[in-house]
Amino acid sequence: MTALAVAQPAGAAKTADVAVRVHGLLRRFGERTVLDGLDLELRRSEFVILLGQSGCGKSTLLRLLGGLDVPDGGEVSVPRRRALVFQEPRLLPWQRVWRNVTIGIDARDPRQIALGVLDEVGLRDHAVAWPKTLSGGAAQRVARARALVAKPALVLLDEPFAALDAITRLRMHDLVRALRARHDATMLLVTHDVDEAIALGDRILVMRDGCIASSHDVDLDTHERFRGADRDRIRAALLHELGIGAIGSAPGLSTQRREQ
């Protein structure tokens, strides 16, 4: 039996500290089982990173949490207000930037709301621009603004930086950190990049064979996330679990590169 529920209000005692609760999640595509009895809990305001080889079910899990797919079994409890950010910005080319931000928003003055969130991502001056005139990084900023406009309690990010160049990617990391500091939302981000995971997450989950295989707390300050013995120990453990082994000594190595 499958149950897909919206979480109780934050004041309810049993869900006060848990934003997402998943138990025994099952998802099949034909004869292939992608998610096999997966259990997961995400705390309120927690930034969790999901690592795993391609095909292990990461994106499928995000789609289920976001309401874009229906499980074949198990229980899923998520906040009512959710937002998804994909690798591609997925902007409507026939709409101005500010209208892309407010798609689906029912408000008396949607433009002012759009200007507010565009200001947060540094694009207020581009409100009336067409999507085709934006750089890749600017388009991703619009996607972030669109995700924030509804004040979600849960933000799901599916490899949102994968298509960006290295410098733009680092700038987007800074933006996500700043947005996280201002918004009290739980975030779950899928990536193939181990270094990115350590740089951003409070906790890193490794997914394997349709389940969460391990969980690693990242109790490091900003400086320690980029260098130091504690960071190196976390990195080595993650690379070992991902089956990368000794070749993982190169900085910035991702599981995606390992598969090529």
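Per-residue answers, yes or no, for (1) surrounded by 18 or more Cβ atoms within 10 Å (Cβ to Cβ); (2) more than 23 Å from the chain's Cα centre (by Cα); (3) modelled with pLDDT of 95 or more; (4) not in a helix (DSSP H, G or I):
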position: E224; (1), (2), (3), (4): no, no, no, yes
position: D230; (1), (2), (3), (4): no, yes, no, no
position: A237; (1), (2), (3), (4): no, no, no, no
position: Q256; (1), (2), (3), (4): no, no, no, no
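Can you say whether S45 is within 17 Å of H183 (Cα to Cα) and part of a loop (DSSP other than H, G, I, E, B), as far as the supplied structure shows? Even if it seems obvious, please write down each step before you answer.
Working: within 17 Å of H183 (Cα to Cα): yes; part of a loop (DSSP other than H, G, I, E, B): yes.
Taking the combined requirement at face value, the residue satisfies it.
Pull up the range 13-26, narrow it to residues that are in contact with a helix residue (DSSP H, G or I) (Cβ under 9 Å, 6 or more places away or on another chain) and free of Cβ contacts under 8 Å to residues at least 60 places away in the same chain, then point me to the one that is farthest from C211 (Cα to Cα).
The qualifying residue farthest from C211 (Cα to Cα) is R21.
Could you tell me whether any residue of the range 121-138 is of a type outside the set (A, V, I, L, M) and closer than 28 Å to V20 by Cα?
Within the range 121-138 (the criterion being of a type outside the set (A, V, I, L, M) and closer than 28 Å to V20 by Cα), the answer is no, since none of the residues qualifies.
A quick yes/no check of all residues on (1) more than 30 Å from G24 (Cα to Cα); (2) surrounded by fewer than 15 Cβ atoms within 10 Å (Cβ to Cβ); (3) touching a residue at least 24 places away in the same chain (Cβ under 8 Å):
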{"residue": "R80", "(1), (2), (3)": "no, yes, yes"}
{"residue": "P93", "(1), (2), (3)": "yes, yes, yes"}
{"residue": "T102", "(1), (2), (3)": "yes, no, yes"}
{"residue": "I105", "(1), (2), (3)": "yes, yes, yes"}
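Restricting to the range 113-131, count the residues that are surrounded by 14 or more Cβ atoms within 10 Å (Cβ to Cβ) and either at pLDDT 90 or above or not in a loop (DSSP other than H, G, I, E, B) (or both).
Filtering the range 113-131 for residues surrounded by 14 or more Cβ atoms within 10 Å (Cβ to Cβ) gives 113-118, 120-124, 126-127, 129-131.
Checking which are either at pLDDT 90 or above or not in a loop (DSSP other than H, G, I, E, B) (or both) leaves us with 113-118, 120, 124, 126-127, 129-131.
Residues in the range 113-131 being surrounded by 14 or more Cβ atoms within 10 Å (Cβ to Cβ) and either at pLDDT 90 or above or not in a loop (DSSP other than H, G, I, E, B) (or both): 13 in total.
Which of the residues spanning the range 30-46 are among the polar types (S, T, N, Q) and either in contact with an Asp or Glu (Cβ under 8 Å, 6 or more places away or on another chain) or free of Cβ contacts under 8 Å to residues at least 60 places away in the same chain (or both)?
Scanning the range 30-46 gives a single hit, S45.
Looking only at residues that are small (G, A, S) and on the phi < 0 side of the Ramachandran plot in the range 170-212, which one is surrounded by the fewest Cβ atoms within 10 Å (Cβ to Cβ)?
A181
Can we say G57 is in contact with a strand residue (DSSP E or B) (Cβ under 8 Å, 6 or more places away or on another chain), within 17 Å of R146 (Cα to Cα) and surrounded by 14 or more Cβ atoms within 10 Å (Cβ to Cβ)?
no
Would you confirm, using the coordinates I've provided, whether F161 is touching a residue at least 12 places away in the same chain (Cβ under 8 Å), aromatic (F, W, Y) and either at positive phi or out of contact with any Lys or Arg (no Cβ under 6 Å at 6 or more places or on another chain) (or both)?
Against the criterion (touching a residue at least 12 places away in the same chain (Cβ under 8 Å), aromatic (F, W, Y) and either at positive phi or out of contact with any Lys or Arg (no Cβ under 6 Å at 6 or more places or on another chain) (or both)), F161 does not qualify.
Looking only at the range 157-169, which residues are acidic (D, E) and crowded, with 18+ Cβ neighbours inside 10 Å?
Matches in the range 157-169: D158, E159.
So which residues in the range 72-88 are modelled with pLDDT of 85 or more and either among the hydroxyl-bearing types (S, T, Y) or over 14 Å from L62 (Cα atoms) (or both)?
Residues satisfying the conditions are D72, G73, G74, E75, S77, R80, R81.
The values are calculated or read from the model by the stated rules, or taken from the named source; none is laboratory data. Quick caveat, the model's predicted, so the values are computed rather than measured. Reconstructed Cβ throughout: ideal geometry from the backbone, glycine too, with neighbour counts over all protein chains shown.
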